[in-house]
């Protein structure tokens with residue numbers, strides 16, 4: 001079995017993305033990892049080049065910042081990386097620049113890839129998610145956070161990144177997938193508040209023009225982390241590759257997990273989910289088989 005990893009990144013230092021940790025977290029499963037490095041204003045290219053592994057293959061890219069509809073440029077950059085992975089790879093492991101997989105899940109993912117390698121009905125593997133918010137001690141619990149997403153796909157170039165690179169489609173339809181007992185840890189909402197504010201403006205610029213940004217993005221230096229509807233304490237361990245970053249954390253964030261800022265209808269669905277584990281009317285970017 002041969003596995004390729006793929007990802008894309010731009011301005012990782014400027015917006016404090018844990019891209020090095022993301023790549024390292026999947027490296028043990030991969031025979032190669034293609035990193036599509038976009039035109040950056042910082043030392044992102046040197047940062048990726050500093051990863052000490054012969055498995056890393058760098059693809060240079062220039063982003064088309066006019067592709068704002070639904071954040072399309074993110075899917076375009078994802079496809080650029082996917083299109084140049086080795087032709088003889090069986091699977092492709094996709095990881096975004098603010099996602100990290102815990103090393104404890106490596107055996108389960110490898111086992112699933114081996115189990116379904118020759119079952120062509122299976123077009124991808126579905127992962128669970130933890131979305132960290134404010135600090136490394138809290139994860140989001142409300143409907144705003146997706147619970148599952150595809151991160152391993154078959155090496156089939158008719159599979160394309162969808163909309164703003166959250167999921168994938170094959171000839172326009174959702175992929176047929178099997179769940180894997182593994183989590184992806186999403187750290188996109190854990191940054192020093194000034195980095196977070198800059199990142200939010202940059203992120204929205206991928207979808208909207210300057211007039212929209214002027215109207216909708218607060219003119220503040222630091223992001224207001226109090227804008228959250230539901231959190232819980234994270235009581236497990238973080239991936240080992242994240243520990244140096246966690247040790248460098250230089251801001252404080254505290255929240256009361258018992259306090260929920262939700263509309264009444266969301267409180268009801270949140271209560272039902274807590275009792276049954278089922279999320280009412282959940283959008284599913286995949287088809288379980």
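For this structure, a couple of remarks:
- Selection from the stretch 30-64 of residues that are more than 18 Å from residue 77 (Cβ to Cβ) and in contact with a helix residue (DSSP H, G or I) (Cβ under 7 Å, 6 or more places away or on another chain): 51, 53, 55
- Taken over the stretch 200-252, the criterion of being touching a strand residue (DSSP E or B) at 6+ places or on another chain (Cβ under 8 Å) and within 26 Å of residue 10 (Cβ to Cβ) is satisfied by 225, 238, 239, 241, 242.
- Qualifying residues in the stretch 14-41 (those that are more than 23 Å from residue 184 (Cα to Cα) and surrounded by 17 or more Cβ atoms within 10 Å (Cβ to Cβ)) - the one farthest from the chain's Cα centre (by Cα): 40
- Filtered residues of the stretch 152-199 (kept if without any contact (Cβ under 8 Å) to a residue 40 or more places away in the chain and under 15 Å from the mean Cα position of the chain (by Cα)): none
- Of the residues making up the stretch 1-23, those that are under 24 Å from residue 154 (Cβ atoms) and in a helix (DSSP H, G or I) are 22, 23.
Values in this text are rule-based calculations from the coordinates and carry no lab data. Since we're looking at a predicted model, the values are computed, not measured. When we count neighbours, we look across all protein chains shown, and the Cβ atoms used for this are built from the backbone with ideal geometry, even at glycine.
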